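Asker: This is the structure I want to talk about, given as structure tokens.
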Amino acid sequence: MRPVDVTPDRVLEVYKNLYYDMNNSMKKPKYKVGHSSCDAVPVYRLEDLDKDPIEGTFYEMELQKVTKPEAFKIACIVRSKRTKGKRQHLVHWRGYPKKSRSWIFDTLMELSGQDLDA
């Protein structure tokens with residue numbers, strides 16, 4: 001039926017054309033509760049370096065494989081101390097949260113002028 005043919009007198013006919021067949025032809029559900037399908041797209045649940053779960057699920061195309069860098073950059077030295085004559089520093093790693101701060105020995109640090117802030 002063309003839109004031009006719709007008039008107030010033909011409202012019931014238009015309604016039946018649009019909605020009547022929908023109510024009568026209810027399809028069976030494709031799956032039952034508890035059914036797992038093989039054609040479902042796999043999703044991934046991730047965890048960070050501290051084994052804490054990351055909220056949400058992710059599709060394969062949203063993920064990217066990365067390699068860990070050989071050298072990690074230090075954002076700042078939070079605290080220093082001496083242990084058995086060796087100097088240690090509590091460092092905050094650049095790009096990581098505060099909970100990942102760690103103590104490292106002075107001999108393991110390599111400083112370059114580019115890495116120093118202010």
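The values are calculated or read from the model by the stated rules, or taken from the named source; none is laboratory data. Keep in mind that this is a model prediction, so the values were computed, not measured. A quick note on method: Cβ atoms are made from the backbone with ideal geometry, for glycine too, and the neighbour counts reach across all protein chains shown.
Asker: Given the criterion at pLDDT 85 or above and more than 35 Å from the chain's Cα centre (by Cα), identify the matching residue among Arg2, Arg82, Arg94, Arg45.
Answerer: Arg82
Asker: What are the residues in segment 63-74 that are without any contact (Cβ under 8 Å) to a residue 40 or more places away in the chain and either surrounded by 10 or more Cβ atoms within 10 Å (Cβ to Cβ) or of a type in the set (A, V, I, L, M) (or both), if any?
Answerer: Leu63, Val66, Ala71, Phe72
Asker: If you don't mind, another one. Quick one: is Lys99 of a type outside the set (Ser, Thr, Tyr) and assigned to a helix (DSSP H, G or I)?
Answerer: Yes, satisfied.
Asker: Could I ask something else about it? Can you run down the residue pairs with Cβ atoms below 9 Å, 6 or more apart or on separate chains, where the first is in segment 75-94 and touching a residue at least 12 places away in the same chain (Cβ under 8 Å) and the partner is of a type in the set (Asp, Glu)?
Answerer: Pairs that qualify, where the first residue is touching a residue at least 12 places away in the same chain (Cβ under 8 Å) and the partner is of a type in the set (Asp, Glu), are Ala75/Asp117; Cys76/Asp117; Lys86/Asp106; Arg87/Asp106; Gln88/Asp106; His89/Asp106; Arg94/Asp115.
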